[in-house]
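The values are calculated or read from the model by the stated rules, or taken from the named source; none is laboratory data. Because the structure is a prediction, the values reported are computed rather than measured. Note that each Cβ is placed from the backbone with ideal geometry, even for glycine, and that neighbours are counted across all protein chains shown.
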Amino acid sequence: MKFILGTKVKMTTVFTEDGQAYAATIISATPSVVTQIKTAEKDGYNAVQIGYGETKDSRVAKAQLGHAKGKALKHFAEERPRSGKLPEGVEVGKTIDLSTFEVGEKVTVSAVSKGKGFAGVVKRHGFHGGPRSHGQKHSERAPGSIGGSGGRAGGRVRAGMKMAGRLGSDRTTVRNLKVLQILPQTNELVLSGAIPGRRGTLVEVRSAAVN
C-alpha cells in the first residue's frame, strides 16, 4: 500500500544528473504503523487506518492508547482503496516506510493550506480592482457591484458570490508530483513542486496510480 503520513520540512532546489533544476519540497516521513483494517462487512467500507508520530503516553487518551496497542501516536489517517479492494499483505501492526515509493513515480499530496485570515477580493479571488484615475479615491481594491438590487438574483445577493472573507486553512490536494529523491537514512522524501501548508504541517502522501 503506497500511503504514508509525514510533515512538511522546507523547500529547496534539487539538481538532477542531466542538469535540470527542480523546485522541491522535503517531507519528513518516519515509519507509520497500521492501526486498524476496516471492512465492508463490519464498517460499511474498506479502508486501512495508519498512525504516525510518537509522543508521550500522558498526552494521549487511554482509549486512543489502547486502540494503537499501547503505542502513543499523534495522528491517524485512513486510506480507502480506489479499486474497492483491500491491499494484500496489510495487517494490523505492520510498519509502512518510504521503501514503498520509488524515485520517478507520481504521487498525490493532501494537507491543510496556510491560514491567511480575513482577506479582500483582490487577494482572495484575484480581482483587479478599480481604475487608478478618473476621480477614483477609495475604491482601488473594492469588489464593485454585487448585483443585489434586482435582475436575475431577484433582489438578493446570490449564493457563491465572490466577496471578502476568510482565506486559507482549507484541505488542499496537489496531484502528479514527482518523487525526486528518497533518503532512508533521514526518513525524508523529496518531491517536485510545492505542497500546501506551513513548515510542520501534517501531509498525506499517496500514489497517483489506482490502488
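So, in segment 64-80, how many residues would count as being touching a helix residue (DSSP H, G or I) at 6+ places or on another chain (Cβ under 9 Å) and closer than 25 Å to Ala40 by Cβ?
Final tally of qualifying residues: 1.
Residues are listed down the side, and each one gets a yes or a no for (1) surrounded by 17 or more Cβ atoms within 10 Å (Cβ to Cβ); (2) over 17 Å from Arg80 (Cβ atoms); (3) touching a strand residue (DSSP E or B) at 6+ places or on another chain (Cβ under 7 Å); (4) modelled with pLDDT of 90 or more:
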residue: Leu5; (1), (2), (3), (4): yes, no, yes, yes
residue: Thr12; (1), (2), (3), (4): no, yes, yes, yes
residue: Asp18; (1), (2), (3), (4): no, yes, no, no
residue: Val33; (1), (2), (3), (4): yes, yes, yes, yes
residue: Ile37; (1), (2), (3), (4): yes, no, yes, yes
residue: Ile50; (1), (2), (3), (4): yes, no, yes, yes
residue: Thr55; (1), (2), (3), (4): no, yes, yes, no
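Only one of these is among the small types (Gly, Ala, Ser) and in contact with a strand residue (DSSP E or B) (Cβ under 6 Å, 6 or more places away or on another chain): Ala77, Ala61. Name it.
That would be Ala77, the only listed residue that is among the small types (Gly, Ala, Ser) and in contact with a strand residue (DSSP E or B) (Cβ under 6 Å, 6 or more places away or on another chain).
Can you name the residue in segment 154-196 that is of a type in the set (Lys, Arg) and over 28 Å from Ile96 (Cα atoms) and, of all such residues, is surrounded by the fewest Cβ atoms within 10 Å (Cβ to Cβ)?
Step one: list which residues in segment 154-196 are of a type in the set (Lys, Arg), which gives 156, 158, 162, 166, 171, 175, 178.
Restricting the remaining residues to those that are over 28 Å from Ile96 (Cα atoms) gives 156, 158, 162, 166.
Working: Arg156: 10, Arg158: 12, Lys162: 12, Arg166: 12.
Once the filter is applied, the top-ranked residue is Arg156.
Within segment 20-31, take every residue that is of a type in the set (Ser, Thr, Tyr) and in a strand (DSSP E or B) and give me the one that is surrounded by the most Cβ atoms within 10 Å (Cβ to Cβ). Let's see the steps before the verdict.
Looking only at segment 20-31, we keep the residues that are of a type in the set (Ser, Thr, Tyr), and these are 22, 25, 28, 30.
Still in the list and also in a strand (DSSP E or B): 22, 25, 28.
Details: Tyr22: 17, Thr25: 24, Ser28: 16.
The extreme case among them is Thr25.
From the list Ser145, Ser139, Ser207, Ser133, which one is under 27 Å from Arg82 (Cβ atoms) and either out of contact with any helix residue (DSSP H, G or I) (no Cβ under 8 Å at 6 or more places or on another chain) or in contact (Cβ under 8 Å) with a residue 60 or more places away in the chain (or both)?
Within the list Ser145, Ser139, Ser207, Ser133, the selection yields Ser207.
Among (1) at pLDDT below 95; (2) over 27 Å from Thr39 (Cβ atoms); (3) in contact with a Pro (Cβ under 8 Å, 6 or more places away or on another chain); (4) of a type outside the set (A, V, I, L, M, F, W, C), which single condition is Gly150 missing?
Just one mismatch for Gly150, condition (3).
In segment 38-63, which residues are touching a residue at least 12 places away in the same chain (Cβ under 8 Å) and either in a helix (DSSP H, G or I) or touching a Cys at 6+ places or on another chain (Cβ under 6 Å) (or both)?
Asp57, Arg59
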